[in-house]
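Report on the following structure.
Read-outs throughout are calculated quantities, based only on the coordinates presented, and are distinct from any laboratory measurement. All values reported here derive from a predicted model rather than from experimental measurement. Glycine also receives a Cβ, built like all others from the backbone with ideal geometry; neighbour counts cover every protein chain displayed.
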There are 2 protein chains.
Amino acid sequence: MNNEDSTKKQILESAYSLFVEKGYRGSSMRDIAEHAGIKAASIYNHFENKEQIFEVVFIEKHPMFRILEILDSIRGATAEELLTNAVNRLNKELRSEPALLNLFFVELVEMDGKHVPRAIKTNFPTDSNFIKQIYEKKSEIRDIAIPVLIRFLIGTIFAHIMFNWFIGDSSSRRWGTSAELNDVLLRGILR
Amino acid sequence: MNNEDSTKKQILESAYSLFVEKGYRGSSMRDIAEHAGIKAASIYNHFENKEQIFEVVFIEKHPMFRILEILDSIRGATAEELLTNAVNRLNKELRSEPALLNLFFVELVEMDGKHVPRAIKTNFPTDSNFIKQIYEKKSEIRDIAIPVLIRFLIGTIFAHIMFNWFIGDSSSRRWGTSAELNDVLLRGILR
DNA sequence: CCTACCGATCGGTAGG
DNA sequence: CCTACCGATCGGTAGG
């Protein structure tokens, strides 16, 4: 039924935004229901219990897939351009939507990371435009395995943003700008 | 009083380990009390409420300070040695004590990061043995501001470990080893 | 430092 | 899909 589907989707969207904002235990079934326009008891027509909702949300919204999706829209004539664009874009995206990583933190702290393996197995992307582009520009890059490169790239962005959280955004000037970090990154990656 | 002090400390230690393991809302005052060997009501002789406990714990155990503390014990004859040792040591430490970062995730998700600025202001280290050593070896390093370097170093370790969490530890072979990441990092930092 | 207790809220169920 | 309700647990207080 169409109605069933759309209610289920609304529950998932509601749960996602609440989990990300308040954590798992901080988001009650009543909150999730209200935000989806129904009553708490009705949720149980679509899900067995609260944890099942989280499971589905986490698998669908695993930040890794979202990040690979963002990377797929990046273009660049040279490896340097491609990588610089990727860093800038990811940086911007993760800043404007810190929620992206929050879901993962909730999984780590409140769920002990137990859903991670299944999330990876369920929907790891089979082909990535970004990775394809990197392969085409392989000659400009040091002899590093591509997965290691991807890892380093994504990792650097995380690092950048997480460090800002650590020290608070207030004193960020003294700790360097995005461009400086990008420079160090490219030096390590390019020939 | 000595007794007051030690009870307070036990409450803080108990709260720390519980917050890290179960999150803020997942750790009840009764749990915290029991783990400290007292009853829940007695906590209020030492703290005004639950959030005040978290505040004190977070300021005392902010991962950034613990990391700088670990770095202070690192030695190395050359910049390369110093940095490699630092990467390996931090990596080992963060792996054996993932709790270190969990406290910060709890703060970000359940507290909205509101205690971060005060934690930084309250106890930022005035002198660091590690930073001093880096300065002495400045000639071997590219012309990067030292804070940027520290940031990149700590960030790389984070990145390494967080990426493992993201993909789950299962498929880690294909994504590269610690040594490979260290190599990319050093290329970017050393002259 | 404790026992006893408060109102509020939780996840989930019964029954229609 | 709802109303009504369950037992359990929460943070916090009173009073000694």
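For this structure, a couple of remarks:
- Exam field: residue B:174 pseudo-label spacings to other copies (7 Å along Cα-Cβ), nanometres: 4.4
- Shortest-first distances to equivalent copies, position residue A:123, nm, label 7 Å out along Cβ: 4.2
- Between copies, the label points of residue B:44, set 7 Å from Cα on the Cα→Cβ line, lie 3.4 nm apart, reported in increasing order to one decimal in nanometres.
- Degrees, to the nearest 10: B:2-22 long Cα axis against longest axis of chain B: 60
- Pairwise FRET efficiency - residue B:13 versus residue B:39, Cβ, R0 = 25 Å, nearest 0.05: 0.90
- Against chain A, whose longest principal axis comes from its Cα atoms, helix A:178-189 is set at around 70 degrees.
- Between 0 and 90°, nearest 10: helix B:99-110 axis offset from chain B longest Cα axis: 70
- Reachable lysines from residue A:39, criterion Cα separation under 20 angstrom, eight or more residues apart if same chain: A:8, A:9, A:22, A:50
- With contributions of -39500 (n - 2.57) from each DSSP H run of at least four residues, the per-residue ellipticity at 222 nm computed over chain A stands at -21500 deg cm²/dmol.
- Those GluC sites (Glu not before Pro) in the range A:1-57 that DSSP places in a loop and that have at most 16 other beta carbons within 10 Å: A:48
- Considering only alpha-carbon pairs that sit under 8 angstrom and 6 or more positions apart, the relative contact order computed for chain B is 22 percent.
- For residue A:141, residues with placed amide H under 5 Å, excluding near neighbours: A:191
- Dipole magnitude for the range B:2-59: computed about the Cα centre from +1 point charges on Lys and Arg Cβ and -1 point charges on Asp and Glu Cβ, it is near 160 debye.
- Each residue, residue B:114 and residue A:75, gets one label point 7 Å from its Cα in the Cβ direction; the gap between the two is 4.6 nm.
- Put the Cα centre of the range A:65-105 next to the Cα centre of the range A:1-63 and the gap is 27 Å.
- Local charge for residue A:144 was computed over the other residues whose Cβ lies under 9 Å away, with Lys and Arg +1 and Asp and Glu -1, and equals -2.
- Partner chain coverage, peptide B:94-105 - average Cβ within 10 angstrom: 2
- Under the combined filter of DSSP loop state and at most 16 neighbouring Cβ atoms within 10 Å, the range A:37-67 retains these trypsin sites (Lys or Arg not before Pro): A:39.
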